[in-house]
Amino acid sequence: MPKGRILTEGLDLLRKSGYIKHPDSDYDSRRLIFEYEDDDVNLLIVKPWDVPTFVEYGAADAGISGKDVLLEKPKNVYEPLDLGIGRCKIVAAAKKGLSGDAMHYSKANLRIATKYVRIAREFFNKKGVSNVQIIKLYGNVELAPVSGLCDLIVDLVSTGETLKQNNLIPIEDVALVTSRLIVNRASLKINPEEISFLINNLKKAIQNEPLPEKKIRKKL
């Protein structure tokens with residue numbers, strides 16, 4: 001499970017799926033691993049950008065990861081289910097004052113600040129915009145155009161309030177983002193019944209359907 005904004009929604013979904021029984025308050029600590037001996041399941045809580053790595057290398061059989069992370073740093077994992085939580089989008093945004101993306105993209109040397117370097121580069125390549133210099137930032141991306149560091153930003157937004165507070169407007173959607181279930185490919189071959197049970201339980205939880213009575217017997 002990823003720390004941060006997805007954690008509460010993810011825990012609620014796992015709870016509805018029958019995998020954890022504790023309230024959210026139990027996870028408000030520095031503890032990073034939780035063992036559920038009755039169900040033979042362990043839960044790891046790690047930084048969002050590390051979830052796909054833990055799953056790819058088999059330290060976890062499955063994980064919940066934002067699509068933004070999966071697009072920016074592709075991993076060799078199976079992605080069987082869109083969980084529909086953590087819904088937001090990646091947008092290109094600029095200071096207020098101009099209208100129309102063509103005006104924003106026509107500058108001779110277009111500087112773009114973002115932490116999503118791969119996503120931004122692929123987006124502008126597909127649009128045929130080649131006059132791009134991408135500046136990698138790790139946080140406070142909204143300050144970049146205000147301070148004159150760049151012309152545009154590519155960033156993740158939920159309500160858009162942070163953009164508004166910094167006098168920025170979205171000019172184009174880059175990607176829609178939700179959280180996905182990802183699965184280690186070897187685990188899928190070794191424990192197909194358990195992985196299928198996990199996927200089906202999550203599907204039923206998303207659709208508010210009753211869970212099957214089958215219990216997990218093998219250790220995930």
Q.
Quick test for you: out of Lys107, Lys127, Lys95, Lys89, pick the one residue that is modelled with pLDDT of 95 or more and either under 26 Å from the mean Cα position of the chain (by Cα) or of a type outside the set (Asp, Glu) (or both).
A. Lys89
**Q.** Residues that are surrounded by fewer than 19 Cβ atoms within 10 Å (Cβ to Cβ), of a type in the set (Val, Ile, Thr) and within 18 Å of Leu202 (Cβ to Cβ), drawn from region 46-86
**A.** Ile85
Q) What is the one condition in (1) outside any helix (DSSP H, G or I); (2) touching a helix residue (DSSP H, G or I) at 6+ places or on another chain (Cβ under 8 Å); (3) at pLDDT below 95 that Ala205 does not satisfy? A) (1)
Q) Could you list, in sequence order, the residues of region 116-174 that are surrounded by fewer than 18 Cβ atoms within 10 Å (Cβ to Cβ) and of a type in the set (D, E, K, R)? A) Arg118, Arg121, Glu122, Lys126, Lys127, Lys136, Glu161, Lys164, Glu172, Asp173
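Quick grid of which residues meet (1) without any contact (Cβ under 8 Å) to a residue 60 or more places away in the chain; (2) under 17 Å from Gly97 (Cα atoms); (3) in contact with a Leu (Cβ under 6 Å, 6 or more places away or on another chain):
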residue	(1), (2), (3)
Asn140	yes, no, no
Thr162	yes, no, no
Asn166	yes, yes, no
Arg185	no, no, no
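Which ranges mark the helices (runs of 4 or more DSSP H) fully within region 130-199 that have 2 or more residues being under 18 Å from Lys89 (Cα atoms) and touching a strand residue (DSSP E or B) at 6+ places or on another chain (Cβ under 6 Å)?
Those helices (runs of 4 or more DSSP H) do not exist here; none qualify.
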Q. Of everything in region 6-23 that's outside any helix (DSSP H, G or I) and out of contact with any strand residue (DSSP E or B) (no Cβ under 9 Å at 6 or more places or on another chain), which residue is surrounded by the fewest Cβ atoms within 10 Å (Cβ to Cβ)?
A. Pro23
Q | Only one of Val174, Val154 that is touching a Ser or Thr at 6+ places or on another chain (Cβ under 6 Å) and hydrophobic (A, V, I, L, M, F, W, C) | A | Val154
Q | Within region 30-87, strands (runs of 3 or more DSSP E) holding 1 or more residues that are farther than 26 Å from Asn208 by Cβ | A | 33-36, 41-44
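Name every residue in region 47-69 that is charged (D, E, K, R) and more than 24 Å from Lys89 (Cβ to Cβ), in order of residue number.
Glu56, Asp61, listed by residue number.
The values are calculated or read from the model by the stated rules, or taken from the named source; none is laboratory data. Since we're looking at a predicted model, the values are computed, not measured. All Cβ positions, glycine included, derive from the backbone under ideal geometry; neighbour counts span all protein chains shown.
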